[in-house]
Amino acid sequence: MADSLPTEFDVVIIGTGLPESILAAACSRSGQRVLHLDSRSYYGGNWASFSFSGLLSWLKEHQQNGDNAEESTASWQGLVHETEEAIALRKKDETIEHIEVFCYASQDMDDNIEEISALQKNPSSVTSKPLDSVCLSEETNSLHVTSSETPAKDTPKSDEEISLEVTDVEDILAEEKYCGDKTCINTASGGDKDENKPIEEDNTDQPKRNRITYSQIVKEGRRFNIDLVSKLLYSQGLLIDLLIKSNVSRYAEFKNVTRILAFREGKVEQVPCSRADVFNSKELTMVEKRILMKFLTFCLDYEQHPDQYQAFVHCSFSDYLKTKKLTPNLQHFVLHSIAMTESSCTTLDGLKATKNFLRCLGRFGNTPFLFPLYGQGEIPQCFCRMCAVFGGIYCLRHKVQCLIVDKESGRCKAIIDHLDQRINAKYFIVEDSYLSEETCSNVQYKQISRAVLITDQSILKKADSDQQISILIVPPMESGTCAVRVTELCSSTMTCMKDTYLVHLTCSSSKTAREDLESVVKKLFTPYTETEIDKEELTKPRLLWALYFNMRDSSGISRSSYNGLPSNVYVCSGPDCGLGNEHAVKQAETLFQEIFPNEDFCPPPPNPEDIIFDGDDKQPEALGTNNIIMAKPDSSEENKNPESPENHHQN
Amino acid sequence: MRQAGELDESVLELTSQILGANPDFATLWNCRREVLQRLEAQKSPEELAALVKTELGFLESCLRVNPKSYGTWHHRCWLLGRLPEPNWARELELCARFLEVDERNFHCWDYRRFVAAQAAVPPAEELAFTDSLITRNFSNYSSWHYRSCLLPQLHPQPDSGPQGRLPEDVLLKELELVQNAFFTDPNDQSAWFYHRWLLGRADPQDALRCLHVSRDEACLTVSFSRPVLVGPRTETLLLMVDESPLAVEWRTPDGRNWPGHVWLCDLPATSLNDQLPHHTFRVIWTAGNAQKECVLLKGHQEGWCRDSATDEQLFRCELSVEKSTVLQSELESCKELQELEPENKWCLLTIILLMRALDPLLYEKETLQYFQTLKAVDPMRAAYLDDLRSKFLLENSLLKMEYAEVRVLHLGHKDLTVLCHLEQLLLVTHLDLSHNRLRALPPALAALRCLEVLQANDNAIESLDGVTNLPRLQELSLCNNRLQQPMVLQPLASCPRLVLLNLQGNPLCQAVGTSEYLAELLPLVNSILV
């Protein structure tokens, strides 16, 4: 199939995780010829999101260890010239360990399961979005520009959007209904989403509890978009800024996280963090409201009041909070839910974190976070789409066997893929997990402990909890362990089926994922059993299904730890443990600036109407400083590579 | 075109081009109104409906250009008012939309009130709407204000009760809501203003506060609860002497006949003769639906009848008193807040007002301390605060005087900057204003018809406009003030009984010819100390 890819590129990128995808978009946008490869059958690497059946096949793949162990290396060694040497790449992904799956929902076997298992045979369908649609972005139009969910107050669009909202009073009523529906039902017109997700079955009449079985989960498996990494976007964070600046935001839709929760004295409660929250809170006393507001107001410009904290810079943040007259519950809120720091963190770091949280409030809503509809896995794909729009070529299920290094210059000059094709390029960007054991022998990896739960109720039941997206930090149970971050997604985020909740737990590992997280899971949830009638236990949401696994955290590894990499081979790390995506964006930008010091990083794309297609292949003059090379569609390539969404223009 | 009477669709078209770009052009809106009025007569109902629809659409596009355009909202009001079957639901929706974009757009609030009134939207629904907006952002004067209009409608008081007030349970709920707001953000004024409204009382009822009749001056004086204008030969004020009407000429004490609290009239000798054991004087204020009666006994020089200032009605008009437990608990939470926010002026001011409403004399000392703090944290309003403090002190002195049942009022050494409530001092004979910071004796002082001795030493007095037509004034002491020109003493000439005048320590004493001027101006004053 892809046996005759073009052989000359400027940049070859291996891995489709978030930093690689951002880099791909940036390179392609600045006119580089980009080849973006992934050995997996889906986009995103460890940043991907899966439907339920997709996740099951992913699990299967990672559980059969060392199956297709040794292929012969001989085939490509003949292709290495005298003056060259090869750096072999890893053949098998080893970033996932300690997978444990528990099913609590009743597994009454019926035919549904059969039906789904057929899907597993076709690995390409496990991705939430088929590849080919990427290049059809303009036609399918499946992802809308940020909608009313993100009224982008600070973005350049804002004025326009606000006025648009008021536009047609004629349509107000109709529109109102439309908006209302939009929050819970996928209204994306056309597009692959709808294809992938059959029309929701009429299961509204089902009794709320007791009725969700494993077979139903499997049957409705396509309603799930289960993230391997659980992250949120800070409203003023680097990723949001980048999405807006580069206009990649048009490919995604977001929902505001609606609740910040805290777990205190065995109870889940809502944390008031904005001015409106504090005003509306029924839990806080008047005096607490004042003290909290006063402290938060101070944190917003704490740098201006050094007298207030200077004496405490050497203390821990939690000790500092005690001196600020905050009552114990307020201390807990600030320390764990707002600053989201460990108790040991310094006063200055705590203030900084609190300020960062507060800055993000109010931009898109009442909490500082956004969640991408259909899961975090959408984000890398959006950048890939951008890359493809500017001519990048995509190949999934495309393994790279080795990097070819020129002995004399010490620079990498080509790769050899699994079809023994040699592809030349100037720069190579490789995701950490592709590097061989030999290359990484000196590297010390951290681990992330992850749990994915499907539950039947929200951890904080309120009237409208079926529309809530919540984040909860559970402080360490005993010293030495880490705080656990819990994100609960409702079905309107398009990540789980109706009447269920998708709960992600994340912490940095000290043991296996289950050992790290099980105690928290037990505190918040109770396993689903058919016969259970214990009244007290009923107040907790019940677990239908649980998955634990450890993921390698390759962030924060110095480049010098890798052995023998040529200077023009750049390494991107996999997902980090943090809540935001700052690490990935920063890494992508730093690497881009290293490779192309004089290029703008992801500038806004030109307005399609301004693009002049010049027969002589000159650069469009109207664009001025925008250094865009509109690669001409190459019909031969198009025909030969059905799998690669190449060279599609914006118009 | 307008003058030529060419009012047709082309005018609509032309004006829409300009208004579409800048809707704040009142003349053009007027033009459109004229055109529409004209077309109303000419067009068929169907054509008209289409016209109105375009006009409404056009107005919406103008509102998008400027959501705070007076002309546009007014035009919409006008248009909706003329429609046979206006779609009010849609208008409410429009308001909700605009308020979603800017919840503090008072133009839109105004329009919403208009629509709600026209469409007879139940107050409960509108109240729920204000709830939702306050929940989103409580810094919203319009929303709080709307509540203050809706709540009395929702909870009408029994006829006997004071109008515009709320039942206690509703009041407590509102107080909790507003407390949430000012504890969350004590610097937000809107909540404090609403708080003051909640605790405030309805406007006092019209009343005649005092009636005084003097045989010597053959004069009847009336003090009103609010400034009024009693025109000549009007029916505003009727006087009945011994149950028969008497036509009199009313005037103000200072002779200017401007609206004022105090009006007086001369009485004919027949009404005051000694043949009857007593004379009754009844004054009927027709507009205020109030009357008062006083009796002049045989052998007495004067007679009067008045409401007591000790009656709480009189001064505690800032805040209501009937719910003193509510006020007490409000005071406690404000003090709590003040401890957290020692520099918050709204909190300090509210504490002062609450203390006054609860017991002005008991809290006098504490109130003065709060005034000091308040002045320190809000120096920009020092003068206003001084005046407010003067007012409160004067009220307190008045209360004390009445409790003592005397007609002597000591207001010395109180740092007063202004004199108010002078209409309450109708019966005072001795007034001491020494050692204050007064800069004038204001015209309202002329209401003190019984004043015999006035001491105003050691002030900064520059003018004496109020020392005029005081029929009984005998002694006037104005040492150490800032009287510059002998001319300012002119009003004193109208006080017939003045015999002692002390002007020592005033700049005018240095001027050449002052004594001569005074001797000529005040020939009857036998002792002038310069």
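Taken over the stretch B:134-151, the criterion of being open to solvent by less than 10 Å² (accessible area, probe 1.4 Å) and in a helix (DSSP H, G or I) is satisfied by B:134, B:143, B:144, B:147, B:150, B:151. Checking the structure you have, find out if any residue of the stretch B:493-515 is outside any loop (DSSP other than H, G, I, E, B), open to solvent by less than 20 Å² (accessible area, probe 1.4 Å) and among the β-branched types (Val, Ile, Thr). Yes: one or more hits. Regarding the stretch B:47-58, can at least one residue be identified that is open to solvent by 40 Å² or more (accessible area, probe 1.4 Å), within 30 Å of residue B:129 (Cα to Cα) and within 14 Å of chain A (Cβ to nearest Cβ)? Looking for residues that are open to solvent by 40 Å² or more (accessible area, probe 1.4 Å), within 30 Å of residue B:129 (Cα to Cα) and within 14 Å of chain A (Cβ to nearest Cβ), one finds at least one in the stretch B:47-58, hence yes.
If you go through the stretch B:94-123 and keep only what is open to solvent by 50 Å² or more (accessible area, probe 1.4 Å), within 11 Å of chain A (Cβ to nearest Cβ) and without any contact (Cβ under 8 Å) to a residue 12 or more places away in the chain, you end up with just B:100.
Look through A:335, A:370, A:284, A:326 and report the one residue that is part of a helix (DSSP H, G or I) and of a type in the set (A, V, I, L, M, F, W, C).
Of the residues listed, the single one that is part of a helix (DSSP H, G or I) and of a type in the set (A, V, I, L, M, F, W, C) is A:335.
Looking only at strands (runs of 3 or more DSSP E) that fall completely inside the stretch A:376-422, which ones have 3 or more residues that are under 17 Å from residue A:595 (Cβ atoms)?
Numbers: elements: A:393-395, A:400-406, A:412-417.
Counting at least 3 such residues, we get A:412-417.
All of (1) hydroxyl-bearing (Ser, Thr, Tyr); (2) without any contact (Cβ under 8 Å) to a residue 24 or more places away in the chain; (3) farther than 23 Å from residue B:185 by Cα hold for residue A:323 with one exception: (3).
Residues in the stretch A:440-475 that are surrounded by 23 or more Cβ atoms within 10 Å (Cβ to Cβ) and small (Gly, Ala, Ser): A:449, A:451, A:470.
Condition first: over 19 Å from residue A:103 (Cα atoms) and either at pLDDT 90 or above or under 28 Å from the mean Cα position of the chain (by Cα) (or both). Now tell me which residues in the stretch A:532-557 satisfy that.
The answer is A:551, A:552, A:553, A:554, A:555, A:556, A:557.
For the stretch A:217-247, a residue qualifies if it is open to solvent by less than 10 Å² (accessible area, probe 1.4 Å), in contact with a helix residue (DSSP H, G or I) (Cβ under 7 Å, 6 or more places away or on another chain) and in a loop (DSSP other than H, G, I, E, B), and the qualifying residues are A:224, A:228, A:229, A:235, A:237.
So, of the residues in the stretch A:262-279 that are part of a helix (DSSP H, G or I) and under 32 Å from the mean Cα position of the chain (by Cα), which turns out to be nearest to residue B:137 (Cα to Cα)? It would help to see each step written out before you state the result.
First, pick out the residues of the stretch A:262-279 that are part of a helix (DSSP H, G or I): A:275-279.
Filter once more, keeping what is under 32 Å from the mean Cα position of the chain (by Cα): A:275-278.
Numbers: A:275: 8, A:276: 6, A:277: 10, A:278: 11 Å.
Only one residue tops the list, namely A:276.
Look at the stretch B:254-275: where a residue is at positive phi and a partner is at pLDDT 85 or above and part of a strand (DSSP E or B), sitting 6+ places away or on another chain with Cβ atoms under 9 Å, you get B:257/B:250; B:257/B:251; B:257/B:263.
If you go through the stretch B:416-433 one residue at a time, do you hit one that is among the aliphatic types (A, V, I, L, M) and surrounded by fewer than 16 Cβ atoms within 10 Å (Cβ to Cβ)?
Initial filter on the stretch B:416-433 (among the aliphatic types (A, V, I, L, M)): B:416, B:418-419, B:422, B:425-428, B:431, B:433.
With the extra rule that they be surrounded by fewer than 16 Cβ atoms within 10 Å (Cβ to Cβ), the set shrinks to none.
The answer is no, given that none of the residues of the stretch B:416-433 is among the aliphatic types (A, V, I, L, M) and surrounded by fewer than 16 Cβ atoms within 10 Å (Cβ to Cβ).
Inspect the stretch B:186-200 for any residue being crowded, with 17+ Cβ neighbours inside 10 Å, in contact with a Ser or Thr (Cβ under 6 Å, 6 or more places away or on another chain) and within 30 Å of residue B:429 (Cα to Cα) and give the result as yes or no. Checking the stretch B:186-200: not a single residue is crowded, with 17+ Cβ neighbours inside 10 Å, in contact with a Ser or Thr (Cβ under 6 Å, 6 or more places away or on another chain) and within 30 Å of residue B:429 (Cα to Cα). Consider only pairs whose beta carbons are under 6 Å apart and that are at least six residues apart or on different chains; among these, list those whose first residue lies in the stretch B:124-147 and is away from every other protein chain (no Cβ under 14 Å) and under 13 Å from residue B:195 (Cα atoms) and whose second residue is open to solvent by less than 10 Å² (accessible area, probe 1.4 Å) and among the polar types (S, T, N, Q). Qualifying pairs under 6 Å: B:141/B:190; B:147/B:130.
Residue check: residue A:250 meets all listed conditions (1) within 14 Å of chain B (Cβ to nearest Cβ); (2) assigned to a helix (DSSP H, G or I); (3) surrounded by fewer than 23 Cβ atoms within 10 Å (Cβ to Cβ) but one, namely (1). Residue count for the stretch A:15-41, restricted to those that are touching a strand residue (DSSP E or B) at 6+ places or on another chain (Cβ under 6 Å), in a helix (DSSP H, G or I) and not hydroxyl-bearing (Ser, Thr, Tyr): 5. Screening the candidates A:337, A:281 for the property of being touching a strand residue (DSSP E or B) at 6+ places or on another chain (Cβ under 6 Å), open to solvent by less than 20 Å² (accessible area, probe 1.4 Å) and over 20 Å from residue B:342 (Cα atoms) yields one hit, A:337. Taken as a whole, the structure places residue B:28 among residues that are open to solvent by less than 40 Å² (accessible area, probe 1.4 Å), away from chain A (no Cβ under 14 Å) and under 44 Å from the mean Cα position of the chain (by Cα). Scanning the stretch A:370-385 turns up one or more residues that are at pLDDT 90 or above, closer than 22 Å to residue A:587 by Cα and touching a His at 6+ places or on another chain (Cβ under 8 Å).
Taken together, the residues in the stretch A:553-580 that are over 24 Å from residue A:234 (Cβ atoms), open to solvent by less than 30 Å² (accessible area, probe 1.4 Å) and either assigned to a strand (DSSP E or B) or free of Cβ contacts under 8 Å to residues at least 24 places away in the same chain (or both) amount to 3.
For (1) within 13 Å of another protein chain (Cβ to nearest Cβ); (2) modelled with pLDDT of 85 or more; (3) open to solvent by less than 70 Å² (accessible area, probe 1.4 Å), each residue gets a yes or a no:
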position: A:288; (1), (2), (3): yes, yes, yes
position: A:294; (1), (2), (3): yes, yes, no
position: A:297; (1), (2), (3): yes, yes, no
position: A:302; (1), (2), (3): no, yes, yes
position: A:314; (1), (2), (3): no, no, no
position: A:321; (1), (2), (3): no, yes, yes
position: A:331; (1), (2), (3): no, yes, yes
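The values are calculated or read from the model by the stated rules, or taken from the named source; none is laboratory data. These figures come from a predicted structure and were not determined experimentally. Here Cβ is always computed from backbone atoms with ideal geometry, including for glycine, and neighbour counts include all displayed protein chains. To get the accessible areas, we keep the full protein, side chains included, count just its heavy atoms, and leave off ligands, DNA and RNA. Shrake-Rupley method; radii C 1.70, N 1.55, O 1.52, S 1.80 Å.
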